[in-house]
Amino acid sequence: MKHSEFSAVIVGSGISGLYAALKIEQQIGLPGKVLLITKSKLEESNSYYAQGGMVAVLKDNKIDSVDSHVNDTLKAGAGLSEADTVRFISENSDRVVRDLLKFGVEFDRDENGNFTLTREAAHSVRRILHSGGDATGREMEIALCKAVQNNKNIIIYENTSTVDLLVDKESKSCSGLVAFHSDTSEYEVIYSKYVIMATGGVGQLYKYTTNPAGATGDGLAICYNAGALLQDMEFVQFHPTALAIDNEKSHNRFLISEAVRGEGGKLCYKTGEEFMAKYDFRKELAPRDIVARSIFSEMKNLNAPNVYLNATVIGKDKLLKRFPTIAFVCKKYGIDITTDYIPVAPAAHYFMGGVKTNLNGETSIKNLYAIGEVSSTGLHGANRLASNSLLECVVCAYNVGININSDEVSIKHDDNFEDIIARYENEECGIPVDVNQLKSELKALMWENVGIYRSEESLNKALEGLNKICSKFNRKYKCLSKEEYELRNMLVTARLIINSALNRKESRGAHYRTDYLQTNEKGFHSLIVKSKGEINFVN
């Protein structure tokens with residue numbers, strides 16, 4: 001088995017991973033000492049598909065303020081957003097936006113060169129930057145990819161899966177990881193002073209999702225198995241408006257951005273009659289959990305696969321300029337968004353829980369960091385405010401980068417990890433399994449029982465079904481392919497979500513229990529850690 005050394009290793013090539021690599025390289029400044037690992041291609045990530053935009057409380061936006069953004073975020077977070085965290089991220093948004101410009105990231109501007117800002121659900125004012133109209137994530141990802149590729153001090157491993165962390169049980173410190181190279185089926189032990197997980201979310205655990213194929217909860221499962229503390233794993237956000245047409249290869253659904261409703265789009269029946277006033281006085285601009293449940297209820301009452309979004313009210317010229325990607329994709333399915341209603345339905349979209357971190361990205365394991373969707377900083381609480389996710393990605397990546405100690409890059413070498421390495425050198429796997437079939441079973445199980453509506457009955461049914469799937473996949477550590485490693489991680493993450501949902505006997509934000517409709521007076525975070533091979537809830 002190959003062994004190598006790097007001062008810092010970043011796992012994941014979304015916006016948070018790319019930006020962290022660039023900032024850490026600035027700190028360390030040593031050729032070939034920063035490694036970026038991605039299990040697919042560099043540019044393939046959830047970030048690439050983020051349409052709506054990125055929150056920024058800009059100093060020259062006179063109608064906005066940090067206090068306003070903080071209040072909006074706390075309201076959306078349903079009692080679980082941490083005020084100090086929200087304020088820190090908001091206060092640093094202007095500085096980080098200016099820094100991103102240095103790496104080639106650009107945002108849409110008006111004819112006077114000023115940033116154009118939009119408003120989305122539950123925001124008080126226009127404060128959301130966008131790029132390429134409705135292609136913000138894609139444009140940011142492309143720019144940061146180019147900056148990473150042009151930085152000769154950053155080494156890139158593509159088609160490489162991280163499968164384990166090297167964590168010393170006594171000191172609870174991380175000294176690297178084990179990687180699996182998909183192209184060669186070879187393993188590599190990578191020693192590093194700093195390991196930064198930026199592996200994204202969990203959308204692929206659900207039958208209907210806006211997330212790409214790689215969002216399989218890898219970092220969550222890997223960090224949990226290594227003994228890291230995880231937080232609020234029950235909170236999965238379902239985006240209200242995904243295009244209710246499956247793509248050719250899967251149930252992945254194209255996102256119809258929140259910004260369409262922010263610009264005036266209306267939810268309606270096929271007849272054009274609007275319905276959101278029945279559910280919330282804010283109508284289309286209510287928080288996502290309310291809008292998603294409202295649409296889901298209408299679909300159930302009508303026994304229909306979708307409702308509709310009327311974007312024609314925005315006006316043809318503005319619509320096509322502001323949402324060119326949405327217009328293009330809808331056109332492929334025979335929908336002209338300037339004249340036709342768009343069929344929409346909820347889909348799994350974003351994960352509010354994750355590996356618990358502080359604002360420096362530090363986890364409960366020394367020298368192990370987590371940033372982006374895989375982390376839980378306390379920003380999003382029980383229900384993410386629209387477009388706060390990209391802001392969290394870049395502020396936390398920036399903060400990790402500037403706090404890495406460039407003088408402290410010595411790499412620990414000892415024999416404490418022989419048992420971990422032996423798992424991948426010696427363990428027999430047996431015969432391959434039908435990964436696609438088992439993934440499909442899991443996704444249907446989670447959608448039907450751990451989705452927008454939940455109950456003790458449905459969650460226990462999910463656990464029973466999960467155990468049956470696990471019995472067909474007898475892999476503890478070593479797997480035969482990237483896809484098998486993904487399935488391994490999906491099964492672990494699904495169990496964490498189900499158990500956390502069972503443990504929270506209330507309805508709060510995106511977690512809606514039909515058998516516990518009330519919201520408890522005092523909010524609490526769900527904290528879990530692996531102890532003696534079992535899920536342990538920490539008080």
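The values are calculated or read from the model by the stated rules, or taken from the named source; none is laboratory data. Predicted model only: the values in this text are computed from it and were never measured. Here the Cβ is made from the backbone with ideal geometry for all residues, glycine too, and neighbour counts use every protein chain on show. For accessibility, only protein heavy atoms count, side chains too; no ligands or nucleic acids. Shrake-Rupley method; radii C 1.70, N 1.55, O 1.52, S 1.80 Å.
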Given Gly132, Gly79, which one is touching a helix residue (DSSP H, G or I) at 6+ places or on another chain (Cβ under 7 Å), open to solvent by 10 Å² or more (accessible area, probe 1.4 Å) and either of a type outside the set (Lys, Arg) or assigned to a helix (DSSP H, G or I) (or both)? Gly132
Of the conditions (1) within 26 Å of Leu385 (Cβ to Cβ); (2) polar (S, T, N, Q); (3) free of Cβ contacts under 8 Å to residues at least 12 places away in the same chain, Thr136 satisfies every one except a single condition; which number is it? (3)
Looking at the structure I just gave you, is Ala444 assigned to a helix (DSSP H, G or I) and under 21 Å from Pro212 (Cβ atoms)? yes
Gln237 fails exactly one of (1) over 30 Å from Asn310 (Cβ atoms); (2) touching a His at 6+ places or on another chain (Cβ under 7 Å); (3) of a type outside the set (D, E, K, R), namely (1)
Residue pairs within 9 Å by beta carbon, gap of at least six or interchain, first lying in segment 59-86 and without any contact (Cβ under 8 Å) to a residue 12 or more places away in the chain, second crowded, with 21+ Cβ neighbours inside 10 Å and of a type in the set (A, V, I, L, M), listed first then second, are Ser65/Val57
Could you count how many residues in segment 204-213 are under 12 Å from the mean Cα position of the chain (by Cα) and either surrounded by fewer than 24 Cβ atoms within 10 Å (Cβ to Cβ) or assigned to a helix (DSSP H, G or I) (or both)? 2
Residue tally, condition farther than 26 Å from Gln204 by Cα, without any contact (Cβ under 8 Å) to a residue 60 or more places away in the chain and either open to solvent by less than 80 Å² (accessible area, probe 1.4 Å) or among the β-branched types (Val, Ile, Thr) (or both), over segment 420-442: 2
I need the strands (runs of 3 or more DSSP E) fully contained in segment 313-392, keeping only those with at least 3 residues that are at pLDDT 95 or above, touching a Gly at 6+ places or on another chain (Cβ under 9 Å) and not small (Gly, Ala, Ser). 342-351
Over segment 145-170, the set of residues under 24 Å from the mean Cα position of the chain (by Cα) and outside any strand (DSSP E or B) is Cys145, Lys146, Ala147, Val148, Gln149, Glu158, Asn159
How do the pairs read when you match residues in segment 168-186 that are of a type in the set (Asp, Glu) with residues anywhere that are assigned to a loop (DSSP other than H, G, I, E, B), using Cβ under 7 Å and keeping only pairs 6 or more apart or on different chains? Asp168/Asn416; Asp183/Asn159
What residue, among those in segment 1-10 that are open to solvent by less than 10 Å² (accessible area, probe 1.4 Å) and in contact with a helix residue (DSSP H, G or I) (Cβ under 7 Å, 6 or more places away or on another chain), is modelled with the highest pLDDT? Ile10
Residue that is open to solvent by less than 10 Å² (accessible area, probe 1.4 Å), on the phi < 0 side of the Ramachandran plot and of a type outside the set (Gly, Ala, Ser), where the choices are Leu496, Leu480: Leu496
In segment 358-400, the residues that are more than 13 Å from the chain's Cα centre (by Cα) and on the phi > 0 side of the Ramachandran plot: Gly361, Asn367, Gly378, Gly381
Can we say Val178 is open to solvent by less than 10 Å² (accessible area, probe 1.4 Å), within 20 Å of the chain's Cα centre (by Cα) and either closer than 26 Å to Phe417 by Cα or not acidic (Asp, Glu) (or both)? no
What number of residues in segment 21-55 are part of a loop (DSSP other than H, G, I, E, B), closer than 25 Å to Glu106 by Cβ and either of a type in the set (S, T, N, Q) or modelled with pLDDT of 90 or more (or both)? 4
If we ask which residues in segment 464-474 are open to solvent by 30 Å² or more (accessible area, probe 1.4 Å) and either more than 17 Å from Pro432 (Cβ to Cβ) or in contact (Cβ under 8 Å) with a residue 24 or more places away in the chain (or both), their number turns out to be 5
Criterion first (over 23 Å from the mean Cα position of the chain (by Cα) and buried (at least 17 other Cβ atoms within 10 Å of the Cβ)) does Ala347 satisfy it? no
Of everything in segment 188-203, what is out of contact with any Leu (no Cβ under 9 Å at 6 or more places or on another chain) and either buried (at least 24 other Cβ atoms within 10 Å of the Cβ) or farther than 21 Å from Gly32 by Cβ (or both)? Give them in sequence order. Gly200, Gly203
Give all pairs with beta carbons closer than 7 Å in which a residue from segment 209-226 that is more than 17 Å from Ala370 (Cα to Cα) and in contact (Cβ under 8 Å) with a residue 24 or more places away in the chain meets a residue that is open to solvent by 10 Å² or more (accessible area, probe 1.4 Å) and acidic (Asp, Glu); count only pairs at least 6 apart in sequence or on separate chains. Pro212/Glu44; Gly214/Glu44
